[in-house]
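In what follows, a structure is listed as structure tokens, so that the remarks can point back to it.
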Amino acid sequence: MVVVSYTVPIRLSYDPETEWTPPTPRKRPRMGEVETETITEYREVTDDADFGSFGNFETQRDLAKSLKVSPGRGLLGKLTGGDSGTKAKAKASSSESSSDEEEAKEDFEKQALEAHNAYRKRHGVKSLKFSKKLTAYAQEWADKLAREDSFEHRQNNTYGENLYSSWSSNPKAKITGNTPVDSWYSEVKKHDFTGEPRTTGTGHFTQVVWKGSKEMGIAQAKSKSNKIVVVANYDPPGNFVGRYSENVAPPSS
């Protein structure tokens, strides 16, 4: 099985005069503005394949399709019979599936929240509270990205935002709630705690542990190409230029 994942840094509103557009060097943002990042990070999860086609989701989609069960076979094929008994079984199975999906969704949310707060504890900041409002907001954007098979930040966002995406050749592949959080936090090894960050490569990490953020919501969706997209939103948002030293403390251990 081939599994690959990638993330893009958080992005909020930004002054057009200071927007960074390659290859022209961007100006330093002014005090109090939200730092933005435009670098996409590609990460190899397993080393059992050639990732030359990663990023080409049409190629990935074809590969995923080749691994799917043929029409008429497996559970789906068995549930599409015409007799009433089969229909009853299909209805019962659908109800069970819905219940399982809801339980999986709650597990994912709980795992993500616990992972956030475990990392925040390392940095001596208070735990985030789970927000159904932010989760619904994140779900809306995750569904849009999955539907369009795209990966970009919401424009004019009033909340902080972290994005994560992974793809697998296995159409049944799933991720746990701590998976994207672990990925975001891994940027801690690149962060300079002595002052304002000089690079834009640790924005996921700083949002995860941002002291001023109080609530979070998180959601995921899967595209037709088997790409899982995760969106997390935070309120109040983090990553304000000039406020890193008071909101991003080094780990205590």
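The values are calculated or read from the model by the stated rules, or taken from the named source; none is laboratory data. Owing to the predicted nature of the structure, the values given are computational and were not obtained by experimental measurement. Heads up, the Cβs are rebuilt from the backbone with ideal geometry, glycines too, and the neighbour counts pull from every protein chain shown. Note: areas computed on protein heavy atoms with side chains; ligands, DNA, RNA excluded. Shrake-Rupley method; radii C 1.70, N 1.55, O 1.52, S 1.80 Å.
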**Study point:** Pair list, Cβ under 6 Å, 6 or more apart: segment 233-253 residue in contact (Cβ under 8 Å) with a residue 40 or more places away in the chain, other residue in a helix (DSSP H, G or I) and open to solvent by 70 Å² or more (accessible area, probe 1.4 Å)
**Key:** Pro251/Arg122
Review point. If you check every pair at least six apart or on different chains, which have Cβ atoms under 6 Å apart with a residue in segment 193-211 that is part of a loop (DSSP other than H, G, I, E, B) first and a residue that is of a type in the set (A, V, I, L, M) second?
Key: Lys211/Val125
Review point. How many residues are touching a residue at least 24 places away in the same chain (Cβ under 8 Å) and either closer than 16 Å to Asp182 by Cβ or under 18 Å from the mean Cα position of the chain (by Cα) (or both) when one looks only at segment 106-128?
Key: 15
Exercise for review: Determine if segment 204-223 includes at least one residue that is touching a helix residue (DSSP H, G or I) at 6+ places or on another chain (Cβ under 8 Å), under 14 Å from His123 (Cβ atoms) and surrounded by fewer than 19 Cβ atoms within 10 Å (Cβ to Cβ).
Suggested key: yes
Review point. Can you pull out the residues in segment 149-194 that are within 18 Å of Met216 (Cα to Cα), open to solvent by less than 20 Å² (accessible area, probe 1.4 Å) and of a type in the set (S, T, N, Q)?
Key: Asn157, Asn162, Ser183
